[in-house]
Amino acid sequence: MTEYGVVDVWSESKSVFELLRPSWQQYGTCRGEGTDIFFHERYHHAIREAKKLCDICVVRESCLDFAIKNDCVGVWGGMTTVERRHKIRLMRSAGEYVQSKQKKRYARRIVGSEVPERERPSESGTI
């Protein structure tokens, strides 16, 4: 797994990603399926198809746990991104500790819990 939690789940080739996959992913029902249905959350038919695969998957709980911990986007463990975020809020309000990785792109901008001001293009003299 990379520092950003990115894992190539569906690639069947023997590449560098093969070594980075969590061991449970080799048992996923989605293995070998196209990625379109898992990452097109705007289309209800894609979500339905992805959830059908997740319903019969033996590693669904591990997949969901992975998605929560790594702040993944798309359908993972039978839940969409929005559904997982709602579940995390409910878990935290119930007093459960939910650890998730902080996105690196935001962490670079935050200095001592304050977001520094960024120069706007109009202020720098460029159009």
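Brief remarks follow.
- Using a probe of 1.4 Å, the accessible surface attributed to Y27 totals some 140 Å² when neighbouring protein chains are kept in position.
- Measuring with a 1.4 angstrom probe and ignoring ligands and nucleic acids, E49 comes out at about 90 Å² accessible.
The values are calculated or read from the model by the stated rules, or taken from the named source; none is laboratory data. The structure displayed is predicted, hence computed values, not measured ones. Calculation scope for accessible area: heavy atoms of the full protein, side chains included, ligands and nucleic acids excluded. Shrake-Rupley method; radii C 1.70, N 1.55, O 1.52, S 1.80 Å.
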